[in-house]
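Here is the structure we will look at, set down as C-alpha cells.
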There are 4 protein chains.
Amino acid sequence: MMLPELRETVSRLHAELVRYNLVAWTAGNVSGRDPGGELFVIKPSGVSYDELTPESMVVCDLDGNLVEGDYAPSSDTAAHAYTYRNMPEVNGVVHTHSTYASAWAARGEPIPCVLTAMADEFGGEIPVGPFALIGNDDIGKGIVATLGGHRSPAVLMQNHGVFTIGDSPKAAVKAAVMCEDVARTVHVSRQLGDPLPIPQADIDRLYDRYQNVYGQRSTL
Amino acid sequence: MMLPELRETVSRLHAELVRYNLVAWTAGNVSGRDPGGELFVIKPSGVSYDELTPESMVVCDLDGNLVEGDYAPSSDTAAHAYTYRNMPEVNGVVHTHSTYASAWAARGEPIPCVLTAMADEFGGEIPVGPFALIGNDDIGKGIVATLGGHRSPAVLMQNHGVFTIGDSPKAAVKAAVMCEDVARTVHVSRQLGDPLPIPQADIDRLYDRYQNVYGQRSTL
Amino acid sequence: MMLPELRETVSRLHAELVRYNLVAWTAGNVSGRDPGGELFVIKPSGVSYDELTPESMVVCDLDGNLVEGDYAPSSDTAAHAYTYRNMPEVNGVVHTHSTYASAWAARGEPIPCVLTAMADEFGGEIPVGPFALIGNDDIGKGIVATLGGHRSPAVLMQNHGVFTIGDSPKAAVKAAVMCEDVARTVHVSRQLGDPLPIPQADIDRLYDRYQNVYGQRSTL
Amino acid sequence: MMLPELRETVSRLHAELVRYNLVAWTAGNVSGRDPGGELFVIKPSGVSYDELTPESMVVCDLDGNLVEGDYAPSSDTAAHAYTYRNMPEVNGVVHTHSTYASAWAARGEPIPCVLTAMADEFGGEIPVGPFALIGNDDIGKGIVATLGGHRSPAVLMQNHGVFTIGDSPKAAVKAAVMCEDVARTVHVSRQLGDPLPIPQADIDRLYDRYQNVYGQRSTL
C-alpha cells in the first residue's frame with residue numbers, strides 16, 4: 001500500500017474536525033501531499049468519520065485521478081488537487097462547513113482582524129473567495145486566487161464554507177480549527193457592538209513573531 | 001421477534017440524534033419501515049436514549065397500531081404512520097425539536113437556501129408546515145401536504161419542531177442532522193446581516209449533482 | 001447509613017446536569033425527599049460532580065439542619081428545605097444557573113409559551129420569581145409564592161438562575177433540562193423576529209394530554 | 001525532578017480548560033507557584049493538551065527563565081512571571097481565549113455584574129485591561145495594574161483574552177471557568193434587552209458571604 005504514514009496522518013487528523021465540531025455527518029475532509037511528490041492522500045467520499053482508517057484513505061495524483069484506493073475520492077478532490085498543483089509550498093488542505101466561518105461566507109463578508117490570536121495565525125482578515133460551483137476547477141481557482149494575495153491560510157468560499165492550507169496536513173487542520181474559533185469570537189463580539197480595531201503595525205508585529213518564534217521548533 | 005435487523009438499525013440510529021445534540025431528554029424519535037412491507041419499527045414512548053435496545057423497539061402497522069413490543073409506541077407514532085401510508089417511497093421518518101430548526105419553526109419562517117450544502121441536501125428552502133395538535137392525523141397531514149410540494153426531505157412544523165423523511169431510516173437521520181446544521185448556520189449568518197442569495201439555476205445544478213453523484217454508491 | 005436508595009438516585013442524577021451542560025464547576029444541585037417523610041438528601045457544598053457518590057450525599061431535615069453526612073450541605077439547602085416544607089406534593093428540587101434560562105432571569109422576563117414542547121411540560125410561560133439574597137428563607141419564599149400560581153415546575157429567580165420541582169428528583173431534573181432547552185430555543189427564535197403565539201386553548205389541550213397520556217406509565 | 005506535586009496539579013488542571021471548552025488547539029495555559037517559593041510550573045509552548053504530562057511541564061523562576069524542563073515554556077510565560085513577582089498572594093495564573101470573554105475583550109467592554117453568581121465569584125464587574133503586545137512585560141503590567149484595583153480575579157485583556165489569578169492553580173482555573181460562564185450568560189441576556197442591575201450593597205453582601213462561607217473548608 002502506498003504512502004502508509006501519510007494515510008495514517010490524514011486518517012487520524014479527521015478526528016480533530018469531529019472533536020472541534022467543524023463537521024456534520026460526512027461534510028468535511030483533510031488531504032495531505034507527499035512532500036516534494038506528485039501524490040496526495042484524501043478522505044473517501046461519503047464515508048463516516050467513525051469508519052475512517054488508514055486503509056480506507058484514497059491516493060490521487062495532482063490532477064485528482066484515483067491512483068490507489070477502494071473508494072471514490074472525496075467530491076472535493078478537484079479543489080484539493082488544483083491547490084496542490086498551483087501552490088507547491090502547500091502539503092495539506094482542509095475543507096469544512098464549520099458554522100461561524102460559513103455564516104460569514106454566506107454573507108460574503110471577510111472576518112476582520114480584531115483579536116491578537118487572529119493576527120498571530122492569519123496575519124490580518126480572513127478573506128472571501130468567489131461563489132463557485134463544484135464539478136470543475138472553479139473552486140480550486142477561487143482558493144488559489146484569493147490566498148495568493150493574503151497571509152491568511154484560510155479562505156471563506158462565498159455561500160459555501162472554508163478551505164485552509166498549510167505546509168503539512170496538521171498545519172492546515174490547525175488553521176481550520178483556529179478559523180472557526182476566531183469566526184465565532186468575532187461574530188459574538190459584533191453581536192453587541194463594534195470590536196475595537198488593532199492597528200496594522202501591531203498586526204504585523206504579532207504575525208511576524210508568531211510565525212517565527214512560537215511553539216517547540218521540533219513539533220510544528 | 002419480528003424485524004430484528006430493522007430493530008437494530010432504528011435503535012442504533014437514535015444515538016446519532018444524541019451525538020448531534022438534536023434531542024433533550026426523550027424528545028425525539030426515529031422510525032423505519034420494512035421496505036415494501038406494512039410494518040414499521042419505532043422508539044418506545046418516554047424511554048431514555050441510554051436504555052434503548054433492539055428488543056425495546058416497538059413494531060406498528062401502518063395505522064399506528066401496536067403489533068409487537070413491551071412498551072407503548074412513541075406519542076408521535078400517528079404522524080409517522082400517516083407519512084408511511086401516504087408516501088410509499090419513504091422508509092424512514094425522524095422527529096426532533098432541534099434548537100435552531102425549532103426556532104425557525106416558532107416564527108413560522110422557512111429557512112432560505114443560501115448555502116451550497118443546503119442546495120445539495122434540500123434542493124431549496126426548508127418549508128414550514130401548519131400548526132397542528134397531537135392526537136389525530138393533523139400532524140401527519142401537514143407533513144405530507146408540505147413535503148409533497150418540495151424537494152426538501154425536512155419540514156418545520158410551526159411552533160413544534162422538525163420531521164424528516166428518507167428512503168431509509170439512515171437517510172432520514174442524515175436529513176435531520178443536516179437540517180439543524182443549516183438552520184444554525186443560516187441563523188448565525190442572518191444575525192449580522194443578509195446572506196447572499198444563490199441563483200435558482202445554481203441551486204438546481206447543485207441539487208441534481210448531489211442527488212446523483214455524491215458518495216459511495218454502495219453505502220448510501 | 002440512612003436512605004441508601006435516595007442517596008444513590010440523587011447522586012446519579014447530578015450527572016444529568018453535567019451531561020446537558022446545565023452547570024459549571026459546582027454551581028448546581030439536586031435534592032430528593034423521602035416520600036411522606038421528614039428528610040431529604042442533597043448535594044454537599046463545593047464538591048465537584050466527578051467526586052459525588054451516594055456516600056458523600058448529605059441528609060437534612062425539613063428545616064435544613066444536617067442529620068447525616070461528612071460534608072456541609074449545599075449552600076442552597078435552605079431554599080430546598082423551604083420548598084419541601086411548604087409544598088408537600090414535591091419530592092424533588094433542582095437548582096442550576098443554566099445559561100439561557102439565567103439570561104431570561106437576568107432581564108426579569110418570563111419565557112413565553114411558543115413551543116408545543118413547552119405547553120406539554122410547563123403548561124404556559126415559565127414565570128419569574130423575585131430577586132432574593134441567599135442566607136435566609138427569601139429564596140424559598142420566592143419559589144413557593146411564584147410556583148403556587150403557575151402550572152410550571154420551573155421558576156426563573158431574577159438575576160440568579162432556575163429552581164425546578166417535581167414529584168420525584170428525576171421529574172425535577174427533567175424540568176431543569178427542558179427549561180434550559182426551551183429557554184434556548186425561544187431565545188434563538190426571538191433573535192430574528194417574534195415567535196408566533198399559541199392560542200391558550202391549544203396550550204391547555206397540549207398540557208392536559210401530556211400530563212395524562214405521555215410516556216410509559218410505569219417509568220414516570 | 002523538581003516540584004513533582006505541583007507538576008501533577010498543573011498538568012491535570014489543563015484538562016479542565018478542555019472540558020469547559022475554554023481553549024482551541026494549544027491556545028491556553030495554567031501555571032502554579034510553589035507557595036512561598038521562587039519557582040512556578042507552566043505549560044510547555046505549542047504542546048497539545050492530550051500530550052501534557054507532569055514530566056513535560058516546565059519550571060521557571062520569577063523572571064520567567066527556564067529552570068527545568070525539556071521544552072520551551074509557554075509563550076505567555078513573561079505575563080505569568082510578572083504577575084507572580086508583583087502579586088505575592090497569587091499562586092495560580094490561567095490564560096485563555098475563551099469565546100464569550102474574548103468577545104467582550106474585543107470590544108474593550110467590562111462585563112457588568114447582573115448575576116448573583118458573578119457577585120459571588122467576582123464581587124462586581126469583570127474589568128478590561130489595556131491592549132498590549134506580547135514580547136515584554138506589557139501584558140503582565142496590564143494584568144497587575146487592572147486587578148490591583150478590583151475584587152475580580154479575572155481581567156479581560158483588550159483584543160486578546162482572559163487572565164485569571166488565584167491563591168492556588170485550582171482557584172485560578174475556577175475563575176477562568178466562571179468568567180466564561182458569566183460572560184456567556186450576560187452576553188445572551190443582553191442580546192434581547194437590558195439585564196436588570198443588582199444594587200451595589202447586595203453585590204457586596206453576596207461577595208462577602210461567598211468568600212467567607214461557601215464550600216467545604218478543607219477542599220477549597
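Flag: A:D120 matches the condition of being open to solvent by 10 Å² or more (accessible area, probe 1.4 Å), more than 7 Å from every other protein chain (Cβ to nearest Cβ) and touching a Leu at 6+ places or on another chain (Cβ under 6 Å).
Of the residues making up region C:36-56, those that are within 22 Å of C:Y82 (Cβ to Cβ), open to solvent by less than 30 Å² (accessible area, probe 1.4 Å) and more than 18 Å from the chain's Cα centre (by Cα) number 2.
Assess whether B:L133 counts as being facing another protein chain (nearest Cβ under 7 Å), at negative phi and in contact (Cβ under 8 Å) with a residue 24 or more places away in the chain. Break it down stepwise before answering.
Working: facing another protein chain (nearest Cβ under 7 Å): yes; at negative phi: yes; in contact (Cβ under 8 Å) with a residue 24 or more places away in the chain: no.
It is false that B:L133 is facing another protein chain (nearest Cβ under 7 Å), at negative phi and in contact (Cβ under 8 Å) with a residue 24 or more places away in the chain.
A:G69 satisfies every condition listed in (1) open to solvent by 20 Å² or more (accessible area, probe 1.4 Å); (2) within 23 Å of B:T116 (Cβ to Cβ) except (2).
The single condition from (1) more than 9 Å from every other protein chain (Cβ to nearest Cβ); (2) open to solvent by 50 Å² or more (accessible area, probe 1.4 Å); (3) part of a loop (DSSP other than H, G, I, E, B) that C:D208 fails is (3). Selection of region C:58-83 for residues being farther than 23 Å from C:A15 by Cβ, more than 18 Å from the chain's Cα centre (by Cα) and not in a strand (DSSP E or B) yields C:D63, C:N65. All conditions but one from (1) outside any helix (DSSP H, G or I); (2) closer than 17 Å to C:H95 by Cα; (3) open to solvent by 10 Å² or more (accessible area, probe 1.4 Å) apply to C:M178; the one that does not is (1).
Taking the criterion of being of a type in the set (A, V, I, L, M, F, W, C) and in contact with a strand residue (DSSP E or B) (Cβ under 7 Å, 6 or more places away or on another chain), would at least one residue in region C:44-56 satisfy it? Talk me through it step by step, then tell me what you get.
Initial filter on region C:44-56 (of a type in the set (A, V, I, L, M, F, W, C)): C:47, C:52.
Pick out the ones that are also in contact with a strand residue (DSSP E or B) (Cβ under 7 Å, 6 or more places away or on another chain) and you get none.
The answer is no, given that none of the residues of region C:44-56 is of a type in the set (A, V, I, L, M, F, W, C) and in contact with a strand residue (DSSP E or B) (Cβ under 7 Å, 6 or more places away or on another chain).
If you go through region C:84-97 and keep only what is more than 14 Å from every other protein chain (Cβ to nearest Cβ), open to solvent by 20 Å² or more (accessible area, probe 1.4 Å) and either assigned to a loop (DSSP other than H, G, I, E, B) or free of Cβ contacts under 8 Å to residues at least 12 places away in the same chain (or both), you end up with C:P88, C:E89, C:N91.
Scanning region D:1-15 for residues that are among the β-branched types (V, I, T) and open to solvent by less than 30 Å² (accessible area, probe 1.4 Å) turns up just one, D:V10.
Apart from one condition, B:A81 fits all of (1) in contact with a Gly (Cβ under 6 Å, 6 or more places away or on another chain); (2) within 14 Å of chain C (Cβ to nearest Cβ); the exception is (2). Of everything listed in (1) more than 9 Å from every other protein chain (Cβ to nearest Cβ); (2) more than 29 Å from A:D181 (Cα to Cα); (3) surrounded by fewer than 23 Cβ atoms within 10 Å (Cβ to Cβ); (4) in contact with a helix residue (DSSP H, G or I) (Cβ under 6 Å, 6 or more places away or on another chain), the single unmet condition for D:R33 is (3).
Going by what's in this entry, would B:E55 be described as farther than 26 Å from C:D181 by Cβ, part of a helix (DSSP H, G or I) and without any contact (Cβ under 8 Å) to a residue 12 or more places away in the chain? In short, no.
Among the residues of region A:109-144, the ones that are part of a loop (DSSP other than H, G, I, E, B) and within 19 Å of B:L206 (Cα to Cα) come to 8 in all. Filter region B:16-30 down to the residues that are assigned to a helix (DSSP H, G or I), surrounded by fewer than 21 Cβ atoms within 10 Å (Cβ to Cβ) and within 14 Å of chain C (Cβ to nearest Cβ) and list them by number. If the condition is that a residue be assigned to a helix (DSSP H, G or I), surrounded by fewer than 21 Cβ atoms within 10 Å (Cβ to Cβ) and within 14 Å of chain C (Cβ to nearest Cβ), then B:V18, B:R19 are the ones that fit.
Every condition in (1) in contact with an Asp or Glu (Cβ under 9 Å, 6 or more places away or on another chain); (2) farther than 24 Å from D:A27 by Cα; (3) open to solvent by less than 20 Å² (accessible area, probe 1.4 Å) holds for D:I203 except the one numbered (1). Take the conditions assigned to a helix (DSSP H, G or I) and open to solvent by 10 Å² or more (accessible area, probe 1.4 Å) and apply them to B:Y100. Does it pass? Answer is yes for this residue. Being open to solvent by less than 10 Å² (accessible area, probe 1.4 Å), in contact with a helix residue (DSSP H, G or I) (Cβ under 9 Å, 6 or more places away or on another chain), away from chain A (no Cβ under 14 Å) and more than 29 Å from A:A105 (Cβ to Cβ) is a property that holds for B:N159.
For every residue, the table says whether it meets (1) away from chain A (no Cβ under 14 Å); (2) open to solvent by less than 20 Å² (accessible area, probe 1.4 Å); (3) within 10 Å of the chain's Cα centre (by Cα).
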{"site": "D:A106", "(1), (2), (3)": "no, yes, no"}
{"site": "D:G142", "(1), (2), (3)": "no, yes, no"}
{"site": "D:H150", "(1), (2), (3)": "yes, no, no"}
{"site": "D:I165", "(1), (2), (3)": "yes, no, yes"}
{"site": "D:P169", "(1), (2), (3)": "yes, yes, yes"}
{"site": "D:V173", "(1), (2), (3)": "yes, yes, yes"}
{"site": "D:A183", "(1), (2), (3)": "no, yes, no"}
{"site": "D:G193", "(1), (2), (3)": "no, no, no"}
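The values are calculated or read from the model by the stated rules, or taken from the named source; none is laboratory data. Values in this document were obtained by computation on a predicted structure and should not be read as measured data. We place every Cβ from the backbone using ideal geometry, glycine too, and count neighbours over all the protein chains shown. Just the protein is used for accessible areas: all its heavy atoms, side chains included, with ligands, DNA and RNA removed. Shrake-Rupley method; radii C 1.70, N 1.55, O 1.52, S 1.80 Å.
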